[in-house]
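Just so it is clear, none of the values below were taken in a lab; they were calculated from the coordinates. Computed from a predicted model, the values in this text were never measured in an experiment. Glycine gets a Cβ as well: all are built from the backbone with ideal geometry, and neighbour counts include every protein chain shown.
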């Protein structure tokens, strides 16, 4: 009975996001027959997240709001069936997405950060409208992704709270099946070798590296969105049909915007649509609606950041407004932007791995004092994570060039053809290396650059190469399936079927007058709660005020 409930709920979540995605793409002028299941589901997830974001300015995303989302979904579903735009093939494909999602998430645990700030923020959105200075309670609430708003829309009269983590895995599952379809079944893709080989090398990494839901968090969905944006950028450069190019540009703009809202570390992905606009300024007038929508939702997100943290991009100090009352302007404040940035950057550069006397965050981060420590630890970790991908890819390139004669001029031509995307990715990696050189923060840019360069080394497609690529992709997909079946066999009975969203810890209740409370777990993260929660020890320094039914969380230090 539990299995049937889980399968039906997962399928319902996938179908709901598909339907919302279908109509969102239609409203934005993106042709639905050019869009995959992955695109519709992903856009649906982020459309619901955007609605949730806007509504949360005025109201919690409570059961009334979520039941309304579900009722609207049933109405839209009726019209899709009536127009026959939802056929058996689509329903079966959505079922496969559901099955793969369940395989990845069944009996799994959350990524280590998820119970500490992602789940508590989802619960916060469910029971409270937007709050001023909420990062003063938990500074990581300033690092929230749009996916937390998407997850907040799921609990309703048919779908339980325990399914709120599904959007994180559905994005990956639908993209994995898109890769499988494109490389195995799509004959047209072979007409564009650059695109074919980029996706092929990408598949090796994705299907062999992203194999555990416990490593997903907010990062893997962001990686997937960046991969897909770059895939469309390469497609744009290889397509001649102007109508089709217009549709592709819209996807580049839409998915790059979503990627930034998902993970601010991918901010420079917006250089791709900006580059295309600079190259062809007329493209603005042909896409005013989607450009306006992307600017509007991005602006809304920045305003949300400002309300939560006093910064438009937290913890970038240059974007902060120190004059507002909820600004953590004292250097001892829990959420002081400069302190958070220094600590985050230093930890990304391997600050905890220092041997002997430890330098301060600031001393460690300047003049490349961190480089040797980082290279010996996280640098080696990056090499280890990339090794399977590079090893398999290198063997494939060597074999391909053994049956097709290497032509240096053709290789240089392909590099020149892809120079714009190579240069943009290289610049972003230089910035990443100097700011937050952790693999999880920018792996999509790194792997994309390697995949593009590797694809430049293969000059032609023939039947033997196609057979080998298909074989490698199928083996990689079987590896993904097998690894999770083994994990389920090992973890069966030890973990709950769906990741447990509730903490087993006891909570201390701190009262702030006027029924304002903050709870603190005795150990571990907060998980999903019915009150605002933080595990940090500074909570006695918090003061809560109210202004026209909005809560303002202040630091007593700033008085």
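At a Förster distance of 35 Å, what's the computed FRET efficiency of residue 377 paired with residue 491, Cβ-Cβ distance as r, to 0.05?
Working: r = 29 Å, r/R0 = 0.83.
Result of the calculation: an efficiency of 0.75.
With N set to the number of residues, divide the alpha-carbon radius of gyration of the stretch 78-168 by 2.2 N^0.38 Å and report two decimals.
Values: Rg = 16.8 Å, N = 91, 2.2 N^0.38 = 12.2 Å.
Computed over Cα atoms of the stretch 78-168, the ratio equals 1.37.
For the stretch 237-387, what is Rg from Cα atoms divided by 2.2 N^0.38 Å, rounded to two decimals?
Numbers: Rg = 20.5 Å, N = 151, 2.2 N^0.38 = 14.8 Å.
Taking the Cα Rg and dividing by 2.2 N^0.38 Å, one obtains 1.38.
For Cα pairs less than 8 Å apart in space and 6+ apart in sequence, what is the mean separation divided by the residue count of the stretch 303-395, i.e. the relative contact order in percent? Please list the in-between numbers first.
Numbers: 78 pairs, mean separation 14.7, N = 93.
Result for the stretch 303-395 is 16 percent.
Given a Förster distance of 25 angstrom, what is the FRET efficiency for residue 430 paired with residue 191, based on the Cβ-Cβ distance and rounded to 0.05?
Details: r = 34 Å, r/R0 = 1.37.
So the FRET efficiency works out to roughly 0.15.
Give me 188, 219, 353 sorted ascending by neighbouring Cβ count inside 10 Å, so fewest comes first. Please report the intermediate quantities before stating the final value.
Details: 188 9, 219 24, 353 14.
The order, fewest Cβ neighbours first, is 188, 353, 219.
Of all alpha-carbon pairs in the stretch 305-457, indicate the percentage at a distance above 24 angstrom.
Details: 6137 of 11628 pairs.
Tail fraction, whole percent: 53.
Given the rule -39500 (n - 2.57) for each run of at least 4 DSSP H residues, summed and divided by the residues of the chain, what is its mean residue ellipticity at 222 nm, to the nearest 500 deg cm²/dmol?
Working: 21 runs with 331 residues, N = 559.
Using -39500 (n - 2.57) per qualifying helix, the result is -19500 deg cm²/dmol.
How big, in percent, is the set of alpha carbon pairs in the stretch 178-315 lying more than 25 Å apart?
Details: 3339 of 9453 pairs.
Of the Cα pairs, 35 percent sit more than 25 Å apart.
Relative contact order of the stretch 279-331, please, whole-number percent, based on alpha carbon pairs below 8 angstrom and at least 6 residues apart. Numbers along the way, then the final one.
Working: 33 pairs, mean separation 9.7, N = 53.
This gives 18 percent for the stretch 279-331.
If every alpha-carbon in the stretch 417-545 counts as one equal scatterer, what log10 I(q)/I(0) does Debye give at q = 0.09, 0.13, 0.21 1/Å?
Treating every Cα as an identical point scatterer, log10 I(q)/I(0) equals -0.63, -0.92, -1.14.
Based on the Cβ-Cβ distance of residue 363 and residue 244, what FRET efficiency does E = 1/(1 + (r/R0)^6) give at R0 = 60 Å, to the nearest 0.05? Show your work: numbers first, answer last.
Numbers: r = 54 Å, r/R0 = 0.90.
Calculated transfer efficiency: 0.65.
Which value results for Rg/Rh of the stretch 114-218 when Rg is the Cα radius of gyration and Rh the Kirkwood radius based on the inverse mean 1/r? Intermediate results must be reported in sequence, preceding the final value.
Working: Rg = 18.3 Å, Rh = 16.3 Å.
Radius of gyration relative to Kirkwood radius: 1.12.
Quick one: pull the percentage of alpha-carbon pairs in the chain with a separation above 40 Å.
Values: 38766 of 155961 pairs.
Cα-Cα pairs of the chain separated by over 40 Å account for 25 percent.
Residue 411 to residue 277: extension gain in nm, 0.36 nm per residue of separation minus the Cα-Cα distance? It would help to have the intermediate numbers written out before the result.
Working: separation 134, 0.36 × 134 = 48.24 nm, distance 2.77 nm.
So the extension gain works out to 45.5 nm.
First obtain the Kirkwood hydrodynamic radius of the stretch 396-486 from its Cα pairs, then insert it into the Stokes-Einstein equation at 10 °C and 1.306 mPa s, and state the resulting D in µm² per second as a whole number.
Working: Rh = 15.5 Å.
D = 103 µm²/s.
Can you give me the three principal axis dimensions of the stretch 278-344 from its C-alpha atoms, in Å, biggest first?
Taking max minus min along each principal axis of the Cα atoms, the stretch 278-344 gives 50, 23, 17 Å.
With a bin width of 5 angstrom, please list the P(r) values of the stretch 35-193 as percents of all Cα-Cα pairs, from the 0 bin to the one holding the largest distance.
Percent of Cα pairs in each bin: 2, 8, 14, 19, 18, 15, 10, 7, 4, 2, 0.
Would you compute, for the Cα atoms of the stretch 514-559, the largest minus smallest coordinate along each principal axis and list the three values in descending order, in whole Å?
If we take the Cα atoms of the stretch 514-559, the spans are 32, 24, 13 Å.
Along its three principal axes, how long is the stretch 317-365 when you only count alpha carbons? Whole Å, largest extent first please.
The Cα atoms of the stretch 317-365 stretch 41, 18, 13 Å along the principal axes, largest first.
With viscosity set to 0.692 mPa s at 37 °C, what whole-number translational diffusion coefficient in µm²/s follows for the stretch 43-86 from Stokes-Einstein and a Kirkwood radius over Cα pairs? Could the numbers behind the result be given before it?
Working: Rh = 11.5 Å.
Answer, rounded: 285 µm²/s.
Taking N as the number of residues in the stretch 138-188, what value does Rg over Cα atoms divided by 2.2 N^0.38 Å take?
On the way: Rg = 15.8 Å, N = 51, 2.2 N^0.38 = 9.8 Å.
Rg over 2.2 N^0.38 Å, computed on Cα atoms: 1.62.
Quick check: convex hull over the Cα atoms of the stretch 1-128, volume per residue in Å³, rounded to an integer? Walk me through the numbers on the way to the answer.
Numbers: hull volume 17.6 nm³, N = 128.
Hull volume over Cα atoms, normalised by residue count, gives 137 Å³.
State, as an integer percentage, the relative contact order of the stretch 143-203 based on alpha-carbon contacts under 8 Å between residues 6 or more apart. Please report the intermediate quantities before stating the final value.
Working: 26 pairs, mean separation 12.8, N = 61.
Normalised by residue count, the contact order of the stretch 143-203 is 21 percent.
So if each residue of separation counts as 0.36 nm, and I subtract the Cα-Cα distance between residue 502 and residue 459, what length gain in nm does that give? Display every interim value, and only then the final one.
Numbers: separation 43, 0.36 × 43 = 15.48 nm, distance 5.31 nm.
Result: 10.2 nm gained on full extension.
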